[in-house]
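Enquirer: First, the structure itself, so that you have it in front of you.
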Amino acid sequence: MRMLSKAAILLLFSMLGVALAKKQKVEDPVLHLTSANFTDVTEGKDFIILFFSPYCSHCQRFKPTWKDFAASVQGKIGVGDVDW
């Protein structure tokens, strides 16, 4: 009986973890641009691009604001970033 309740609890937590993982998987509204995809993605389209450094503390603090902005204009204008 005790083994069965441990298995049930483990199953419950596993299902909860899968449900939370699916819920948190949201498409990133910011297009991550590189030298390989820059022209293909931006050519002929209106884009606002953030050039940032992952080592810059100001850039890291601005990132959530940039994501919020990208989500608010999604479908109207392209929003991308370039790690330089």
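Enquirer: Add +1 for every Lys or Arg and -1 for every Asp or Glu among the other residues with Cβ under 12 Å from the Cβ of Phe51, and state the total.
Expert: Value of the local net charge: -2.
Enquirer: Need the list of aspartates and glutamates near Lys63 for cross-linking: C-alpha distance under 19 angstrom, and skip anything on the same chain fewer than eight residues off.
Expert: Hits, sequence-local ones excluded: Glu27, Asp28, Asp81, Asp83.
Enquirer: Where the only charges are on Cβ atoms (+1 Lys, Arg; -1 Asp, Glu), what is the dipole of the range 26-83 about its Cα centre, to the nearest 20 debye?
Expert: 220
Enquirer: Considering only the other residues whose Cβ falls under 12 Å of the Cβ of Val73, what net charge follows from Lys and Arg at +1 and Asp and Glu at -1? Don't skip to the end; give the middle numbers.
Expert: Values: positive: Lys67, Lys76; negative: Asp46, Asp68.
Charge balance in the 12 Å sphere: 0.
Enquirer: Next up: Can you list residues whose amide H is under 5 Å from Val73's amide H, if they're 5+ apart or on another chain and H is modeled 1.01 Å from N?
Expert: none
Enquirer: A follow-up question, please. Show the residues, 5+ positions off or on another chain, whose built amide H is closer than 5 Å to the amide H of Leu31.
Expert: Under 5 Å from the amide H of Leu31 lie the amide H atoms of Val79, Gly80, Asp81, each far enough along the sequence or on another chain.
Enquirer: Sticking with this one: Which Cα, out of Phe51, Trp66, Leu33, lies furthest along the positive dipole direction of the range 26-83 (beta carbon charges, K/R +1, D/E -1)?
Expert: My answer, from the dipole projection, is Trp66.
Enquirer: Oh, and also: Binning at 5 Å from 0, report for the range 26-83 what percent of all alpha-carbon pair distances ends up in each bin.
Expert: 4, 19, 30, 24, 17, 6, 0
Each value in this text was obtained by applying a stated rule to the coordinates, not by laboratory testing. None of the values given here were measured: they were computed from a predicted structure. All Cβ positions, even for glycine, are placed from backbone atoms using ideal geometry, and neighbour counts span all protein chains on display.
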